[in-house]
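Report on the following structure.
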């Protein structure tokens, strides 16, 4: 994240904002339909910080608390224009019906708007998402050609809709596991890899490369490597583009980043944490493939070590057992259910247990995250920020960070970082919660 002076010169939010989404499935259509419903007074944006949260400014005795929408110059929801790619040709109306997330009556009221959103042909290769089939795809000779075709889609979309700015959010599926390789280390190596169709360059990386080349901020909602490689970070800095990721933190892992800090705060030990869940949407079907699941598993498993710090607290956390399971169960649809069995220990080593059963709605939790990332990334670019936006870690299971620092997973530290960044941008004093001045 580039250094931005306190009290940044934030450019105007006037004008249309294009929202580009690789993937027009459950998450994307729930986001689009939700925003359109909110605009029409047909629902409330519950779950969205940008729409509902307030921020304290100054001392507690100052009684200065502002709503974020009043404190910051966010883009107006009425200025949103949607564009998407998908290997399945269904428009947003058809896709929303198939996803089965929202009530049919609501979708029907939004039908004309949703039908107008038709996906462009996608950059798609089944070797990276084995459980999906799609024929609505680009027929490029090389991956560099694919990037150029995406850029043409972006620039055409901008021109046809008279857009002032754009943001891209990856809402598509989890790709097969990919380790970081030499082709990812430098921009030069990455470009050569695009030309020679290197297998280590996945479709999500091609989208991100094209977005950054067009000056479009990029957020990665899946656990794929995508922009979390040196080449892409370098590219984002050169193009003055903010980027963030990885993997929307919406359900089970969201709760994990609440419970684990609480255990550590009270110095309670952990013997084991078993997490399993079932879901029946497209995401669940994709994750039924072992290679795609491995990508997700790596993201979910990374959380506890960084929060609990077993090397610093070996007596409490060294050697704990952490298991994560995801099972595709078609009848459940988008209504994911998760179970956590947590074996903890307290005073004198006596054992206890926590059991959590979360019956959630996957896309209902993800949609407000997409909205917030759109607005925050647009704000970041208008404030002159570029590169990794660690202050947006709040929204991700596996947050990106500078190479020399570990990622912060604790939800409450992430929220403090996010709000202090906003205070900094607006020239307000940061809040540390020290408070000793009240007792002098």
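Output the antiparallel fraction of DSSP beta bridges having both residues in the chain, as a percent to the nearest 5.
About 45 percent, rounded to the nearest 5.
What is the packing order of peptides 221-230, 39-48, taking the mean over residues of other C-beta atoms within 10 Å and listing the highest first?
So the peptides 221-230, 39-48, ranked by packing, come out 221-230, 39-48.
Using the Cα atoms as the points, what is the convex hull volume per residue of the chain in Å³?
150 Å³
If you rank 412, 80 by fewest surrounding Cβ atoms within 10 Å, what's the result?
With the sparsest Cβ surroundings first, the list reads 412, 80.
Quick check: convex hull of the Cα atoms in segment 62-122, volume per residue, rounded to a whole Å³?
147 Å³
Please compute the Kirkwood hydrodynamic radius over segment 118-231, one decimal place, Å, based on all pairs of different Cα atoms.
Hydrodynamic radius (Kirkwood, Cα pairs) of segment 118-231 is 14.5 Å.
What's the Kirkwood radius of segment 253-301 in Å, using all Cα pairs?
Over segment 253-301, the inverse of the mean reciprocal pair distance is 12.8 Å.
Can you pull the semi-axes for segment 252-359, root of five times each eigenvalue of the Cα gyration tensor, sorted largest first, whole Å?
28, 14, 10
Using a 10 Å cut-off around each Cβ, can you sort 209, 313 from fewest to most neighbouring Cβ atoms?
Final ranking by Cβ density, sparse to dense: 313, 209.
In what order do 286, 370 fall by count of nearby beta-carbon atoms within 10 Å, going from fewest to most?
286, 370
Compute the Kirkwood hydrodynamic radius of segment 20-96, taking the inverse of the mean of 1/r over all pairs of distinct Cα atoms, and give it in Å to one decimal.
Kirkwood hydrodynamic radius for segment 20-96: 14.7 Å.
Counting residues in segment 188-329 as N, plug N into 2.2 N^0.38 Å and put the Cα Rg over that result.
Relative to the rule-of-thumb radius for its length, segment 188-329 sits at 1.26.
How big is the C-alpha Rg of segment 51-164 next to the rule-of-thumb value 2.2 N^0.38 Å, as a ratio?
1.52
Rounded to the nearest 0.05, what FRET efficiency do residue 186 and residue 104 have when you use their Cβ-Cβ distance and R0 = 51 Å?
0.50
Restricting to bridges with both residues inside segment 252-359, how much of the DSSP beta-bridge set is antiparallel, in percent to the nearest 5?
70 percent
Laboratory data are not the source of any read-out in this text; all were calculated from the coordinates shown. Keep in mind it's a predicted model, so treat the numbers as computed, not measured. We place every Cβ from the backbone using ideal geometry, glycine too, and count neighbours over all the protein chains shown.
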